[in-house]
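Below is one structure, written out as structure tokens; comments come after it.
The values are calculated or read from the model by the stated rules, or taken from the named source; none is laboratory data. These figures come from a predicted structure and were not determined experimentally. Don't worry about glycine lacking a Cβ; one is built from the backbone with ideal geometry, like all the others, and counts go over all protein chains shown.
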Amino acid sequence: MKQFVFLATWFLLCTKIIAQNLVTYFEQSQYKRTPRYDSTIWFCKQLAQKCHFIHYTTIGKSHEGRDIPLLIAATRKEFTPLKAHKSGKNIVLIQACIHPGEPDGKDAILLFFRDLLTKPHLKELLNNNIILFIPILNVDGHERFSPFNRINQNGPIEMGWRTNARNLNLNRDYIKAQSLEIQHWLKFFHLWKPHFFIDCHTTDGADYQYPITYALEVYGNMDKEVTYWQKNIFLQELHKRMDTSAYPIFRYVSFRNWYDFESGLSTWVTPPSLSQGYTALVNCPGLLIESHMLKDYKTRVLGTYEIIKQSLQILSNEKEALQKFAFNVTHSDSLHVAFSLTNDSTMVDFKGFEYAIRYSNLTKGKWFEYSNIPKVHKLPLFETFIPTKTINVPQFYIVPKAWASFFKHYFDLHDIKYIETDEEQEITAKFYSFSNVKLASTSYENCQRVLNFQVQTISRKVKFQKGSLLVSTNQPNYRILVHLIEPEAPASLFTFGFFNCIFEQKEYGETYVLEPLAQKMLEDETIKKQFEDYIHKNPNATSYEILNWFYNKSKYADEWLNVYPIGKIFTEK
Ligand SMILES: [Zn+2]
């Protein structure tokens, strides 16, 4: 009997400890703190230990060697991509702490996973959804922990830092993939091929009443059917549910003119260097959640919880429609890669606060002081875009041997298929030739970007060595391929400065050689006319620039100067 009493007491104690363990750190701290990395991993492992349908694993290691955690919730233990896709359920990828200073999504979904254990109505969401959850993507940045990392933000008491251990913003790294964290993410994403993606953040910016804002790519960079579904089915339903909850939502917007409220609200097409812009390239809808930084931490976390719960319910109901979209991209011979906002607008009610414009004695500039008096502002909302750059998509790209290993790395990360040529081949291809190139004067994300240029297409017959890469655009991820390679795509490797070496002139003529050569060349009427035109356009050209102009018109000029080495092959249809 004594033994029985002891065992019963021991059992009750254990249950209590288990229950205590499954109180999140966020709850224990009275909703004011977010757990550190070790504590987060411990909690994830506890969830997996105590629950048969939750699995803990990792997607790879960071630069500082930390595991990047992944939790999978799947009622029939569909813990592999193959089993998950066979199940017929939606695969929903949710990530938090790509910006660790904004940990709301981490605490919201840890709470949600804990609730899956105890609340049957939530567990029902797993009948149609498998959830992949990365609680901390930027694990190293997360451990640069301080109360002083987010000056505008109302809690938690301490939080991680925006960038990774190499000072890279991971949410600008989705195409160029310079960080290990995003390299792992890309492999993971293309292996699992999720149907829906959610990325959790916290805003900066103005004060307004909405605790949660959102963005979805509905402005022209996805297939029409996906855009329609996101706009007219998913978002309409999401608004209906959230606007009657304690957490009304609005689009994630900025002021048309910086700091000028009355100039109106504008949205944007997200470039694929950011997460939801990247998932758009494969038609995977990406919901960006931006909780509002001035709301208290509890409101933000619970608001994030609510929008994700509601999203999962909608996705459950929309299973059939949703699963047709992701990784099923319509091929086109022309692809819009850049967009610009038009002047079309609609008037909307925007729930803000009354504010006063103050003038600073210190800076002589103006600044905004928000009150806590709610006010509905009638403002123009600009959200209509037109394409400003359309690419003629070739049948093949050809990458010369010299750039093959560089591109193989990228093609493998982005799941792009290619073949290596097994013999030298002479191929006629189209190449881009640049002029008036302007490079950025400051570094951006470890790169010196190409800001402006003029470009023309030239045709050339080139000997491509054995081991060059032939890349067909007739493949599912061709939109990623185009965005990687095409210089005019906003996040291309070219735009990020990976080809700046082609703008460097390596040989020069001396004045005593070029002066007589120039005089001789001017005997040619065509050259003479071109020169007059050059002088007309460049009246202040120095004598060196003038002579160098002749050098670059001579037979000594480098034919590959300012020419992009990747060729485009258009075959007859
Ligand atoms: Zn963020």
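Quick check, is Glu290 crowded, with 19+ Cβ neighbours inside 10 Å, in the same structural domain as Leu168 (by TED's automatic domain parsing) and part of a strand (DSSP E or B)?
Working: crowded, with 19+ Cβ neighbours inside 10 Å: yes; in the same structural domain as Leu168 (by TED's automatic domain parsing): yes; part of a strand (DSSP E or B): yes.
Criteria met by Glu290.
Tell me the residue from Arg166, Arg144 that is at negative phi, within 16 Å of the ligand (Cβ to nearest atom) and of a type in the set (Lys, Arg), please.
Working: Arg166 fails: within 16 Å of the ligand (Cβ to nearest atom).
Testing whether each residue is at negative phi, within 16 Å of the ligand (Cβ to nearest atom) and of a type in the set (Lys, Arg) leaves just Arg144.
Restricting to region 100-120, give me the number of residues that are away from the ligand (no atom under 16 Å from the Cβ) and farther than 17 Å from Glu306 by Cβ.
The qualifying residues number 3.
Among the residues in region 22-42, are any surrounded by 12 or more Cβ atoms within 10 Å (Cβ to Cβ), modelled with pLDDT under 95 and farther than 30 Å from Ser146 by Cβ?
No: zero hits.
Test of understanding: among Arg256, Arg241, which residue is charged (D, E, K, R), away from the ligand (no atom under 16 Å from the Cβ) and modelled with pLDDT under 95?
Details: Arg241 fails: modelled with pLDDT under 95.
One residue alone meets the criteria, Arg256.
Of everything in region 172-184, what is of a type outside the set (A, V, I, L, M) and either surrounded by fewer than 24 Cβ atoms within 10 Å (Cβ to Cβ) or within 15 Å of the ligand (Cβ to nearest atom) (or both)? Give them in sequence order.
Narrowing region 172-184 to residues of a type outside the set (A, V, I, L, M): 172-174, 176, 178-179, 181, 183-184.
Arg172, Asp173, Tyr174, Lys176, Gln178, Glu181, Gln183, His184 - these are the residues of region 172-184 that are of a type outside the set (A, V, I, L, M) and either surrounded by fewer than 24 Cβ atoms within 10 Å (Cβ to Cβ) or within 15 Å of the ligand (Cβ to nearest atom) (or both).
Let me confirm something: among Leu126, Leu71, which residue is in a strand (DSSP E or B) and in contact (Cβ under 8 Å) with a residue 60 or more places away in the chain? So that I can check it myself, show each step before the final result.
On the way: Leu126 fails: in a strand (DSSP E or B).
Answer to the check: Leu71.
Among the numbered criteria (1) within 30 Å of Leu186 (Cβ to Cβ); (2) surrounded by fewer than 18 Cβ atoms within 10 Å (Cβ to Cβ), which single criterion is violated by Phe339?
(2)
If you check every pair at least six apart or on different chains, which have Cβ atoms under 6 Å apart with a residue in region 84-108 that is farther than 14 Å from Val139 by Cα first and a residue that is more than 10 Å from the ligand (Cβ to nearest atom) and of a type in the set (D, E, K, R) second?
These pairs meet every condition: Ala84/Glu78; Ser87/Glu78; Asn90/Lys319; Asp104/Arg300.
Limited to region 129-143, what total is found for residues that are among the charged types (D, E, K, R) and either buried (at least 24 other Cβ atoms within 10 Å of the Cβ) or without any contact (Cβ under 8 Å) to a residue 40 or more places away in the chain (or both)?
Keep residues of region 129-143 that are among the charged types (D, E, K, R), which gives 140, 143.
Filter again for either buried (at least 24 other Cβ atoms within 10 Å of the Cβ) or without any contact (Cβ under 8 Å) to a residue 40 or more places away in the chain (or both), leaving 140.
Number of matching residues: 1.
I want to confirm something. Restricting to region 200-212 and keeping residues that are among the β-branched types (Val, Ile, Thr) and within 12 Å of the ligand (Cβ to nearest atom), which single residue is farthest from Ile307 (Cα to Cα)?
So, considering only residues that are among the β-branched types (Val, Ile, Thr) and within 12 Å of the ligand (Cβ to nearest atom), the one farthest from Ile307 (Cα to Cα) is Thr203.
Here are the criteria: (1) under 19 Å from Gln276 (Cβ atoms); (2) among the acidic types (Asp, Glu); (3) away from the ligand (no atom under 15 Å from the Cβ). Tell me which single one Glu158 does not satisfy.
(1)
For Ile233, are the conditions met, namely being touching an Asp or Glu at 6+ places or on another chain (Cβ under 8 Å) and closer than 23 Å to Met293 by Cα?
So Ile233 does not fit the description; no.
Would you say Ser459 is assigned to a loop (DSSP other than H, G, I, E, B), polar (S, T, N, Q), under 30 Å from Tyr410 (Cα atoms) and under 35 Å from the mean Cα position of the chain (by Cα)? Give the steps one after another, and end with the answer.
On the way: assigned to a loop (DSSP other than H, G, I, E, B): no; polar (S, T, N, Q): yes; under 30 Å from Tyr410 (Cα atoms): yes; under 35 Å from the mean Cα position of the chain (by Cα): yes.
Taking the combined requirement at face value, the residue does not satisfy it.
Tell me yes or no: at least one residue of region 509-520 is among the polar types (S, T, N, Q) and either buried (at least 19 other Cβ atoms within 10 Å of the Cβ) or in contact with an Asp or Glu (Cβ under 7 Å, 6 or more places away or on another chain) (or both).
To start, the set of residues in region 509-520 that are among the polar types (S, T, N, Q) comprises 511, 519.
If we keep only those that are either buried (at least 19 other Cβ atoms within 10 Å of the Cβ) or in contact with an Asp or Glu (Cβ under 7 Å, 6 or more places away or on another chain) (or both) as well, we get none.
Scanning region 509-520, I find no residue that is among the polar types (S, T, N, Q) and either buried (at least 19 other Cβ atoms within 10 Å of the Cβ) or in contact with an Asp or Glu (Cβ under 7 Å, 6 or more places away or on another chain) (or both), so the answer is no.
I'd like to know if region 185-193 contains one or more residues that are within 14 Å of the ligand (Cβ to nearest atom) and modelled with pLDDT of 95 or more. Give the steps one after another, and end with the answer.
Our first condition is that a residue be within 14 Å of the ligand (Cβ to nearest atom); within region 185-193, this holds for none.
No, every residue in region 185-193 fails to be within 14 Å of the ligand (Cβ to nearest atom) and modelled with pLDDT of 95 or more.
Residue pairs, Cβ under 8 Å, 6 or more apart or interchain, first in region 47-65 and in a loop (DSSP other than H, G, I, E, B) and surrounded by fewer than 17 Cβ atoms within 10 Å (Cβ to Cβ), second of a type in the set (Ser, Thr, Tyr) and at pLDDT 95 or above. List them.
His63/Ser179
Here's the yes/no breakdown for (1) closer than 30 Å to Asn446 by Cα; (2) assigned to a loop (DSSP other than H, G, I, E, B); (3) of a type in the set (Asp, Glu); (4) in the same structural domain as Thr457 (by TED's automatic domain parsing):
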{"position": "Ala489", "(1), (2), (3), (4)": "yes, yes, no, yes"}
{"position": "Phe498", "(1), (2), (3), (4)": "yes, yes, no, yes"}
{"position": "Leu517", "(1), (2), (3), (4)": "no, no, no, no"}
{"position": "Ile527", "(1), (2), (3), (4)": "no, no, no, no"}
{"position": "Gln530", "(1), (2), (3), (4)": "no, no, no, no"}
{"position": "Tyr534", "(1), (2), (3), (4)": "no, no, no, no"}
{"position": "Ala541", "(1), (2), (3), (4)": "no, yes, no, no"}
{"position": "Ala557", "(1), (2), (3), (4)": "no, yes, no, no"}
